[in-house]
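All remarks here apply to the structure that follows.
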Amino acid sequence: MKKFLTMMALALALGSTSFMSLGAAHAADLKPNLDAAKDKVAMCIGCHGIPDYRTAFPEVYHVPRIGGQNAKYLENALKEYAKGDRKFQTMHGIAATLTEQDIVDIAAYYAAQTASTPVNPQK
Ligand code: HEC
């Protein structure tokens, strides 16, 4: 129980700092860094990098393909999940931990993917 509360406090702290950084920075001023993105997408690959785009746990649901989508579309989707304008619990939890720079990097990384990009480049 104590561990659970610590985790909750940590999640809240992370969430609030990233909300502050979302407000402070302007996306237009940020340049995407594809190298930095490679580390950041490690947490997305578990769901968005599996061949038939379905999660197995905690339940099976469809996971959209994000590689090759327009960068601006991906940025907007992540910001909407972070703010809660677009509702999906797991994506909200993840998007809320990203900074504005993370979002720009990750969006550019996925937008640059093509049909021949390996599904899971980390493997
Ligand atoms: C636990 C599984 C899981 C993880 C981890 C995850 N996602 Fe998602 N993601 C989903 C699901 C499921 C949806 C569809 C949600 C919905 O219906 O709105 C989604 C939706 C999205 C969308 C919207 C796609 C569209 O077509 O509109 C984007 C963009 C996205 N995720 C990016 C990411 C990024 C970037 C990461 C890593 C930082 C990530 N996701 C991590 C499961 C996950």
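Starting from residues that are under 14 Å from the mean Cα position of the chain (by Cα) and under 18 Å from residue 96 (Cα atoms), keep the ones in segment 23-40 and report whichever is modelled with the lowest pLDDT. The selected residue is 39.
Would you pick out the residues in segment 81-105 that are more than 10 Å from the ligand (Cβ to nearest atom) and among the basic types (Lys, Arg)? Across segment 81-105, the qualifying residue is only 83.
Inside segment 42-62, can you point out the residues that are modelled with pLDDT of 80 or more and surrounded by 13 or more Cβ atoms within 10 Å (Cβ to Cβ)? Result: 43, 44, 45, 47, 48.
Against the definition (at pLDDT 75 or above, in a helix (DSSP H, G or I) and not acidic (Asp, Glu)), how does residue 90 come out, yes or no?
So residue 90 fits the description; yes.
The values are calculated or read from the model by the stated rules, or taken from the named source; none is laboratory data. From a predicted model like this one, the values you see are computed outputs, not experimental measurements. Heads up, the Cβs are rebuilt from the backbone with ideal geometry, glycines too, and the neighbour counts pull from every protein chain shown.
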